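A.B. asks: Below are the structure tokens for one structure; questions will follow.
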Amino acid sequence: MRFLITAGPTREMIDAVRYLSNLSSGRTGIDVAAAARDAGHTVALVLGPTPLSPPDGIDVLRVVSARDMRDAVMAELEAADVLIMSAAVADYRPQSVHPGKLKKGEGNLTLELVRNPDILLEAGDRKGDRIHLGFALEVQDAELHARRKLERKRLDALVLNGPENLAADRSAFRILTPEGLGPPEEMPKAELGRRLVALAEELAANRGTRS
Ligand code: C5P
């Protein structure tokens with residue numbers, strides 16, 4: 001099958017030298033991409049700004065902002081059998097990018113932020129029989145929010161985790177599917193990669209997707 005995987009943070013420029021971003025390292029998505037390749041699948045990895053190296057033997061599309069990532073995902077979507085959105089996409093970006101370097105003044109500075117596109121939500125509208133997996137980093141009322149997200153984004157499965165997983169080597173999570181919430185699991189991210197590839201294969205087989 002062909003796997004389309006996103007990884008890393010996005011970077012939203014404020015001016016020529018400053019940006020908004022988050023703590024994502026891209027480790028999870030990179031490990032999922034390596035696991036999919038090792039399982040014999042073809043892989044396209046859409047990778048936000050990270051110092052980590054992507055695995056060899058796969059297609060890598062490097063992006064910076066959420067809008068870049070949206071364009072890359074939409075261009076690759078139709079060819080993919082499985083989409084795994086593990087990127088930590090910035091929900092907001094500055095309304096405009098200041099040309100050059102913003103000079104400091106005497107007082108405070110207010111930045112107007114506008115919503116970024118929700119890539120997974122958009123991809124959900126064009127889902128067809130493709131398998132879609134997402135992540136949810138929830139702090140409060142985790143299960144309730146995750147269930148809403150699963151439905152709204154038309155996901156086959158959602159990996160529910162907490163902020164302690166960001167930029168860590170291990171991952172603690174639960175997997176939510178329309179059938180229900182799985183037990184707590186904890187493992188190195190490389191193993192999570194294999195776990196998710198196996199899950200996507202199982203979901204695809206149950207749905208009769210081509211392999
Ligand atoms: O709504 P929330 O950001 O918690 O959803 C997380 C899931 O949605 C992740 O799989 C993430 O990659 C994806 N996402 C997205 N576009 C956004 C925000 C999140 O595709 N703008």
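A.B. asks: Pull out all pairs, ordered by first then second residue, where Cβ-Cβ is under 7 Å, the residues are six or more apart or on different chains, the first lies in segment 62-82 and is of a type in the set (S, T, N, Q), and the second is open to solvent by 20 Å² or more (accessible area, probe 1.4 Å).
C.D. replies: Pairs that qualify, where the first residue is of a type in the set (S, T, N, Q) and the partner is open to solvent by 20 Å² or more (accessible area, probe 1.4 Å), are 65/11; 65/93.
A.B. asks: Output the residues belonging to segment 23-52 that are surrounded by fewer than 17 Cβ atoms within 10 Å (Cβ to Cβ) and either within 16 Å of residue 68 (Cβ to Cβ) or charged (D, E, K, R) (or both). Explain how you work it out, then say what you get.
C.D. replies: Taking segment 23-52 first, the residues surrounded by fewer than 17 Cβ atoms within 10 Å (Cβ to Cβ) are 23, 38-40, 42, 49, 51-52.
Listed by number, the residues that qualify are 38, 49.
A.B. asks: Now for a separate question. Six or more apart or on different chains, Cβ atoms under 7 Å: show the pairs whose first residue is in segment 124-137 and open to solvent by 70 Å² or more (accessible area, probe 1.4 Å) and whose second is among the basic types (Lys, Arg).
C.D. replies: If the second residue must be among the basic types (Lys, Arg), the pairs left are 129/207.
A.B. asks: Given the criterion modelled with pLDDT under 95 and among the aliphatic types (A, V, I, L, M), identify the matching residue among 144, 150, 155.
C.D. replies: Details: 150 fails: modelled with pLDDT under 95; 155 fails: modelled with pLDDT under 95.
Only one candidate passes the filter, namely 144.
A.B. asks: Let me confirm something: among 195, 115, 147, which residue is free of Cβ contacts under 8 Å to residues at least 40 places away in the same chain and within 9 Å of the ligand (Cβ to nearest atom)?
C.D. replies: After applying the criteria, what remains is 115.
A.B. asks: Being touching a His at 6+ places or on another chain (Cβ under 7 Å) and either within 16 Å of the ligand (Cβ to nearest atom) or open to solvent by 60 Å² or more (accessible area, probe 1.4 Å) (or both) is the requirement here; does residue 164 meet it? Working first, answer last.
C.D. replies: On the way: touching a His at 6+ places or on another chain (Cβ under 7 Å): no; either within 16 Å of the ligand (Cβ to nearest atom) or open to solvent by 60 Å² or more (accessible area, probe 1.4 Å) (or both): yes.
For residue 164, the condition - touching a His at 6+ places or on another chain (Cβ under 7 Å) and either within 16 Å of the ligand (Cβ to nearest atom) or open to solvent by 60 Å² or more (accessible area, probe 1.4 Å) (or both) - is not met.
A.B. asks: Consider residue 60 against the criteria (1) within 14 Å of the ligand (Cβ to nearest atom); (2) part of a strand (DSSP E or B); (3) surrounded by fewer than 18 Cβ atoms within 10 Å (Cβ to Cβ): it satisfies all of them except one. Which criterion is unmet?
C.D. replies: (1)
The values are calculated or read from the model by the stated rules, or taken from the named source; none is laboratory data. Remember, predicted model here, so these are calculated numbers, not experimental data. Quick reminder, even Gly has a Cβ in these numbers, built from the backbone with ideal geometry, and neighbours come from all protein chains shown. Side chains included, ligands, DNA and RNA excluded: accessible areas come from the protein's heavy atoms. Shrake-Rupley method; radii C 1.70, N 1.55, O 1.52, S 1.80 Å.
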